[in-house]
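Single-structure report; data block below.
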Amino acid sequence: MGWQRQLTLDALNATSRDTLVAHLGIVYTRLEAGLLEAEMPVDARTFQPFGLLHGGASAALAETLGSMAGYMMTRDGQCVVGTELNATHHRAVAQGRVRGVCQPLHLGRSNQSWEIVVFDEQGRRCCTCRLSTAVIG
């Protein structure tokens with residue numbers, strides 16, 4: 001599967017300026033056919049009150065990856081919006097960085113489904129997410 005829009009990692013990261021994505025420290029790190037990855041720090045920006053990665057931060061990472069991947073599968077004049085996000089948390093993370101890996105499950109004309117898996121620095125699965133998007137335009 002190839003992307004419909006040809007963007008570089010620099011161009012993807014430039015879209016994050018002055019957004020929640022930048023505030024959380026999310027950085028796109030890998031882009032290849034059918035795969036988009038990003039990293040996010042586990043620190044004061046992403047902690048819950050007990051010093052662990054907030055589930056909502058994992059969800060924000062997943063939504064960020066799935067939405068951008070969805071956008072990259074559209075043509076000019078189209079965009080995507082998230083319609084449902086499901087996150088199952090498997091393991092707590094207290095420090096370092098997490099890495100989100102996004103791959104398509106379904107790519108239709110009017111909707112898409114994406115799987116985003118969040119890993120800790122040891123490569124252990126911390127969270128599994130599924131994002132559904134609607135293609136508009």
Name the residue, out of Leu131, Leu53, Leu35, that is under 26 Å from Arg5 (Cα atoms), buried (at least 16 other Cβ atoms within 10 Å of the Cβ) and either polar (S, T, N, Q) or touching a residue at least 60 places away in the same chain (Cβ under 8 Å) (or both).
Leu131
Could you list all residues from the stretch 115-128 that are touching a strand residue (DSSP E or B) at 6+ places or on another chain (Cβ under 9 Å) and in contact (Cβ under 8 Å) with a residue 12 or more places away in the chain?
Glu115, Ile116, Val117, Val118, Phe119, Asp120, Glu121, Arg125, Cys126, Cys127, Thr128
Select, from Val42, Val27, Val21, the only residue that is surrounded by fewer than 18 Cβ atoms within 10 Å (Cβ to Cβ) and hydrophobic (A, V, I, L, M, F, W, C).
Val27
Residues located in the stretch 10-39, provided they are more than 12 Å from Gly100 (Cβ to Cβ) and assigned to a loop (DSSP other than H, G, I, E, B)
Thr15, Ser16, Arg17, Asp18, Thr19, Gly25, Ala33, Gly34
Only strands (runs of 3 or more DSSP E) wholly contained in the stretch 96-137 count here; list those with 3 or more residues that are of a type in the set (Val, Ile, Thr) and closer than 18 Å to His54 by Cβ.
111-119
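Is one or more of the residues making up the stretch 68-86 hydrophobic (A, V, I, L, M, F, W, C), surrounded by 18 or more Cβ atoms within 10 Å (Cβ to Cβ) and assigned to a strand (DSSP E or B)?
Yes, some residue in the stretch 68-86 is hydrophobic (A, V, I, L, M, F, W, C), surrounded by 18 or more Cβ atoms within 10 Å (Cβ to Cβ) and assigned to a strand (DSSP E or B).
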Here is a check on your reading of the model: is Ala57 out of contact with any helix residue (DSSP H, G or I) (no Cβ under 7 Å at 6 or more places or on another chain), closer than 18 Å to Arg125 by Cβ and not in a strand (DSSP E or B)?
yes
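Laboratory data are not the source of any read-out in this text; all were calculated from the coordinates shown. Just so it is clear, the model here is predicted, and its values are computed rather than measured. All Cβ positions, even for glycine, are placed from backbone atoms using ideal geometry, and neighbour counts span all protein chains on display.
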